[in-house]
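Notes for the one structure printed next.
The values are calculated or read from the model by the stated rules, or taken from the named source; none is laboratory data. Note that the structure is predicted; figures quoted are calculated from it, not measured. Don't worry about glycine lacking a Cβ; one is built from the backbone with ideal geometry, like all the others, and counts go over all protein chains shown. The accessibility values were calculated without ligands, DNA or RNA, using every heavy atom of the protein model including side chains. Shrake-Rupley method; radii C 1.70, N 1.55, O 1.52, S 1.80 Å.
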Amino acid sequence: MIHTQRKSKKKEVVRVSLNGNRKVLFHEDCIIINKDEPVVLSSHCTHLGCRIQTFENGQLICPCHGSAFDLEGNPLKGPAITQLKKLDFTLNKQTQTITIKI
Amino acid sequence: MSLLKKIWPFSSFGQISLALFFICVISGILLAIPYDVNDAYNSISLMMLINPAATLFRNMHYWSANFFLVFSLVHIWDHFSAKAGIKLKSGIWLRLSIGVLIILLAMLTGFLLKADADSLQARRILNELVGGLPFVGSLLSTSLLGSGNSLQVIYVHHIATFTLFIVVIIMEHHKTIWPGLKEIIWVILFVLLFSVLISAPLHDGMNPVIKGPWYFVGLQEILHWLSVPQMSLLIVLLFILLVFLVPYGGVRNQFITKRALLILTIIYLFLTIIGYFFRGSNWKFITPADTNYSYYVYNPFRSNGFAFIEKEETDKVNNSPKVFGRKEGCLACHDETTGFSASHNPQALGCYSCHGGDPFTMNKNKAHKYMELIPGNLATAEKSCGTTGCHTEIVDRINTGLMANLSGMISVDRYVFDEQETPDELTTVHHLGNSAADEHLRNLCVRCHLGNPKTETGPVDERSRGGGCLACHLNYNDQSLAAHIQHKNNDQDTLYLSVHPSVDLLVSDEHCFGCHSRSGRISTNYEGWHETTLTTEEVSDSVKYRIVEESRVFRKMKADIHHTGGMECIDCHNSYELMGDGTRYQHEEEQAEIQCSDCHFNDRPNTMDLNEFDQESAIITSLRFGFTDGKKYLATAKRNRPLINTFVQNDSAFLKTKNSKQIKFMKPPASVCTKGGAHSNLSCSSCHTAWAPSCIGCHNAYDDKEPGYDMQHNNFITGSWVEYIGEYQAHAPALGYRENEAEKSVIPVVPGMILTIDKQSYDPSEKDSMLFHRLYAPAAPHTTQTRGRSCKSCHNNPVALGYGQGDLEFKIISDSGKWTFSPKYRNNPYDDLPEDAWTGFLQERSGDVSTRFDVRPFTIEEQKRILLVGACLTCHDEDTQVMKQSLIDFKEVMDSRGPSCVLPF
């Protein structure tokens, strides 16, 4: 059945709890590296945009074509050759929440 | 092609294609009724669970579409190879050539409309691929795929834009949209056959393999090699262009174009085969020889099990929770099961993520057909505990750990059987051959490894061996245990189905006991039990003795101080030691990470903040202790990993036990440990070990009539190696010297292998094959005591010095001193040393002396130095001032000794 098209809801801001002590947090559009100075990376592989959701042997791995990245987003293994995009965010240390602009 | 046409009952491939398209359209219209574009994945799972008619239409839609693509291509090629050639107007032929692309797009949009894991990633890829085109990329991407997560635009293109285009081009070149009756009947039967037997694929959301539709898997393989992915679009365009060019030019040009097209197609087919059959998770290369190959390659397809669904079942499915964006049938039936840990709540994870089976059916047999009743066995762990989003990283590395591969044990055994040059070769329990040593291992040793599967339900107890993840993480409470026992006694009892055991982090000493009460007997030592050669009939005192596994008799000894203090195995040993850390180690002492000095220190400790933790330690800390920021944690000196259950406060170190959450103060070493540096090269355990078990004088022979057990394959056999044991003893261990680049220290050792092996009994062709070895092994006895050994326990003890038991006496005759030794045991004829000795009294042994190349007995010079102090201790008590002073400056004490002091050397 065809539904009337809902207004596309583009995610502008994502608020994420740092979830205790987890070091790497995967979300739909971003990967949060939870450390003293957190880093937020885009979860879109720079090769073709596949969602990266695997952390193996210290590497972020793309499931579609096998690209691997380090926790700074630098490519370690192709086919991707460019760094994962670093996303802007604000950190509320009191509430341990991170707000990310996507 | 001509042969095919001769046996082909239809007028043309075009007619077949048309019939397939007709079925595809009709089934698509029927499928659109239950399909919900705004909850696509869930609506398809619901169809598969409670709507057999919709499932059949979906399958027919899928199979007719795929065969339509195949037959359309065959139809085109058929015309290419016909003598008459293609006699269409240029405009129509152009639209037909573009039609190939449109058919692919129609199918691709159908693939995207599943909205499962494959589809979601494919949409991202398409978005990036099309959006990355210069100038028109963004416009094209939005027009083709829409924006956000909505499937609306894709849906419209699928059912309208592309379908209409296909209808138009069919009409243009065929003049009618209606297929022939014969074709339609045969094709319906053909499609029905496939649709009844094999369902249209749907990703389960757990399988780590992400693949496009089969006709784009070749492109996925190309993209794996292309760093500039937009180049792949040129390949698609080239294909369409070649199709268009075939009818043009002279005969020669047409031949070249057709050959180019053929070569391109063959290459693409080859890449498709590689991509489809030889690529697994993370696009890693796999072959059918790899374990779980079929799980990675064929998983999205399922056999069908159509059945009429009762209303009650429909309600159950509708009321069951949505898991990973879809329904699964398991939760409709098993809706009231309790007992799970919070981390494994089925309302969030479902049943399928651990137990497999088929989540998209209400047919009980089909749902349970490929189910793992006992998940977590290492052979299948990547499908259960190690599935996507769960514990993938651990399952990937677990076989690097010695508890899984047994490399050290196997290597030492082969070395002792003279089958390899060193005891340090890396190997695995899965690579045992047929040699004498390997058969010996299979008969007597290799039952204890994590890969040994758990095959029966029930709690882990002292009879358990292995069991993969469950070996450590399975826990039954009173309810689940009672239900399990009830079911064992009466298999009709189903209470066990509603009380599930827990899989959690409560790893108790009982989990370790089954395996670690053997060989080095660390578990029993730790709890203060020493194995004897007594039989159960000989003992009646249940306080002094304990019966293990119904027949092994253990005698009460002093327990390890950490055990007495309430600590369990996992309070010292972390996840990387127990589940491997990705590095292969030759022996257990290399893999073990914790050292006494990590917790008991005088200097500044090695500490770590929470934000320096690795991912795994951080997660485990969070699960065990909640959010615990702001603490200073101790870290191991060996690999700088956090000891997550420790903290440093006001310069004192504390430990919080992982299971019972008791806080313990961790004492620094006593001053005597470091006083004067006299004992600076002694390991803590060389002094603080209360006792260690040992056995001496065993003989090994193969008996081809002995009823035996193949521990590798878990089956009873006839013919086995038999170990004729000597004597079990328990006393303060001998000491030896470990010397390598990283370490120079005195360590406790035990007579690991003083034995004879009759190799000829196994292989009659072996002549003069009676092997004799006198090897001691480094030990980690786990019988720590607060107070270290007395001075005499080492300096005046023949066992400590490696001579074996006997009378070691310092005699002074006529102002001259002399050490003498009378062994308790007779000399062994093979090497003329006492049976239990490691080295002769004031003799030196080197070479083949230990199960490690870097461990040896004391040299003559070292023995003399030890015995020199032993001579002093003969007259001076260890608490006297002179002996205390000797720790600080031994030379000064020697220089200032009186005339009554008589020395041996």
For the list (1) more than 30 Å from B:CYS875 (Cα to Cα); (2) open to solvent by 30 Å² or more (accessible area, probe 1.4 Å); (3) not β-branched (Val, Ile, Thr), I need the number of the one condition that B:ASN796 fails.
(1)
Return yes when B:ILE16 is modelled with pLDDT of 90 or more, part of a helix (DSSP H, G or I), under 19 Å from B:GLU183 (Cα atoms) and over 46 Å from the mean Cα position of the chain (by Cα) and no when it is not.
no
Take B:LEU331 and decide whether it is of a type in the set (A, V, I, L, M) and free of Cβ contacts under 8 Å to residues at least 40 places away in the same chain.
yes
The lone condition B:LYS114 fails out of (1) within 30 Å of A:ILE61 (Cα to Cα); (2) surrounded by fewer than 18 Cβ atoms within 10 Å (Cβ to Cβ); (3) of a type in the set (Lys, Arg) is (2)
Take the range B:622-634 and flag every residue that is open to solvent by less than 50 Å² (accessible area, probe 1.4 Å), outside any helix (DSSP H, G or I) and of a type in the set (A, V, I, L, M, F, W, C).
B:LEU634
Those helices (runs of 4 or more DSSP H) lying entirely in the range B:117-217 with at least 3 residues in contact with a strand residue (DSSP E or B) (Cβ under 9 Å, 6 or more places away or on another chain) and more than 12 Å from chain A (Cβ to nearest Cβ):
none
Among (1) under 21 Å from B:SER720 (Cβ atoms); (2) open to solvent by 30 Å² or more (accessible area, probe 1.4 Å), where does B:GLU425 come up short?
(1)
Residue in the range B:609-621 that is assigned to a loop (DSSP other than H, G, I, E, B) and charged (D, E, K, R) present
yes
Given (1) touching a helix residue (DSSP H, G or I) at 6+ places or on another chain (Cβ under 7 Å); (2) more than 22 Å from B:VAL395 (Cβ to Cβ), where does A:ILE61 come up short, assuming only one miss?
(2)
Between residues in the range B:732-760 that are under 22 Å from B:HIS688 (Cβ atoms) and residues that are acidic (Asp, Glu) and at pLDDT 90 or above, which pairs lie under 7 Å by C-beta distance while being six or more apart or on different chains?
B:ARG738/B:ASP854; B:GLU739/B:ASP854; B:PRO751/B:ASP836
Scanning the range B:71-111 residue by residue, the ones that are open to solvent by less than 20 Å² (accessible area, probe 1.4 Å), farther than 26 Å from B:GLY325 by Cα and of a type in the set (Ser, Thr, Tyr) total 2
Could you say whether any residue in the range B:673-688 is at pLDDT 85 or above, more than 25 Å from B:SER597 (Cβ to Cβ) and out of contact with any strand residue (DSSP E or B) (no Cβ under 6 Å at 6 or more places or on another chain)?
no
Could you check B:GLY736 against (1) open to solvent by 50 Å² or more (accessible area, probe 1.4 Å); (2) modelled with pLDDT of 90 or more and say which number it fails?
(1)
Does at least one position in the range B:275-293 carry a residue that is modelled with pLDDT under 80 and either assigned to a loop (DSSP other than H, G, I, E, B) or within 23 Å of B:PRO213 (Cα to Cα) (or both)?
yes
Which is on the phi > 0 side of the Ramachandran plot and without any contact (Cβ under 8 Å) to a residue 24 or more places away in the chain, of B:SER846, B:SER814, B:SER896, B:SER822?
B:SER814
Return only the number of the condition from (1) under 24 Å from the mean Cα position of the chain (by Cα); (2) farther than 23 Å from B:ALA379 by Cα; (3) in a helix (DSSP H, G or I) that B:ARG518 does not satisfy.
(3)
Of all helices (runs of 4 or more DSSP H) completely enclosed by the range B:360-419, which ones contain at least 1 residues that are open to solvent by less than 20 Å² (accessible area, probe 1.4 Å) and out of contact with any Pro (no Cβ under 9 Å at 6 or more places or on another chain)?
B:392-397, B:402-405, B:407-416
Which of the residues belonging to the range B:478-498 are within 30 Å of B:PHE625 (Cβ to Cβ) and touching a strand residue (DSSP E or B) at 6+ places or on another chain (Cβ under 6 Å)?
B:GLN479, B:SER480
Counting only residues that are open to solvent by less than 30 Å² (accessible area, probe 1.4 Å) and at positive phi, how many does the range B:515-556 have?
1
Of these, B:ALA637, B:ALA559, which one is away from every other protein chain (no Cβ under 14 Å), buried (at least 17 other Cβ atoms within 10 Å of the Cβ), at pLDDT 90 or above and in a loop (DSSP other than H, G, I, E, B)?
B:ALA559
If you scan the range B:241-262, which residues turn out to be among the β-branched types (Val, Ile, Thr) and either farther than 30 Å from B:GLN121 by Cβ or within 30 Å of the chain's Cα centre (by Cα) (or both)?
B:VAL246, B:VAL251, B:ILE256, B:THR257
Residue check: is A:LEU60 under 20 Å from B:ASN207 (Cα atoms), open to solvent by less than 20 Å² (accessible area, probe 1.4 Å) and either in contact with a Phe, Trp or Tyr (Cβ under 7 Å, 6 or more places away or on another chain) or more than 11 Å from chain B (Cβ to nearest Cβ) (or both)?
yes
Failed criterion for B:SER542 (all others in (1) outside any helix (DSSP H, G or I); (2) under 19 Å from B:TYR728 (Cα atoms); (3) not hydrophobic (A, V, I, L, M, F, W, C) hold)
(2)
Restricting to the range B:375-416, name every residue that is within 14 Å of chain A (Cβ to nearest Cβ) and closer than 16 Å to B:GLY451 by Cα.
B:GLU382, B:GLY386, B:ILE394, B:VAL395, B:ASP396, B:ARG397, B:ILE398, B:ASN399, B:THR400
Could you please let me know if B:ARG865 is under 24 Å from B:ALA678 (Cα atoms), of a type outside the set (Phe, Trp, Tyr), part of a loop (DSSP other than H, G, I, E, B) and free of Cβ contacts under 8 Å to residues at least 12 places away in the same chain?
no
